Amino acid sequence: MAWSGKEYTVTFDKQSGSGGSVSIVATYDEVMPTATAPTRTNYSFGGYYDEVDGGGTQYYSSTMTSEHDWNKSSNTTLYAY
């Protein structure tokens, strides 16, 4: 039997943005799954991070490509920047 990573729910805090994915299921030690970015009038989206204001680790780029493999062993919220 092969080993497989555990799955965790990742919720997106859109920081006053709208649209885009609400949450995804990430697998430990794998790239971030496909998701869509929120929009906010007069702002440019800079990705999703594990701390507010673009702090901590970036998990999604501004184009919503995976920037970092999922490395948390709990359900977590990521914050739009």
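Determine the relative contact order of the chain: mean sequence separation of Cα pairs under 8 Å and six or more apart, normalised by residue count, in whole percent.
On the way: 188 pairs, mean separation 28.2, N = 81.
Averaging sequence separation for qualifying contacts and normalising by length gives 35 percent for the chain.
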Leading residue at positive end of dipole, the chain (Cβ point charges), from Gly55, Thr36, Asn75: Thr36
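Let me know the charge dipole size of the chain about its Cα centre in debye, to the nearest 20, where only the beta-carbon of Lys, Arg (+1) and Asp, Glu (-1) is charged.
Values: 4 positive and 9 negative charges, 51 e Å.
Once rounded to the nearest 20, the dipole reads 240 debye.
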Computed accessible area, Val22, all protein chains, 1.4 angstrom probe, square angstrom: 100
Of the listed values (1) 1.45; (2) 1.08; (3) 2.59, grab the one calculated as Cα Rg over 2.2 N^0.38 Å from the structure here. (2)
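Can you tell me the accessible area per residue over the chain, all protein chains present, probe 1.4 angstrom, in square angstrom?
Numbers: 5090 Å² over 81 residues.
About 63 Å² of surface per residue is accessible.
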Two-site label geometry, Asp69 and Asp53: point separation in nm, points 7 Å out along Cα→Cβ: 3.2
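The values are calculated or read from the model by the stated rules, or taken from the named source; none is laboratory data. This structure is a prediction, so every number in the text was calculated from the model and none was measured. Note that each Cβ is placed from the backbone with ideal geometry, even for glycine, and that neighbours are counted across all protein chains shown. For the accessible areas, the whole protein counts, side chains as well, though only heavy atoms, and no ligand, DNA or RNA atoms are used. Shrake-Rupley method; radii C 1.70, N 1.55, O 1.52, S 1.80 Å.
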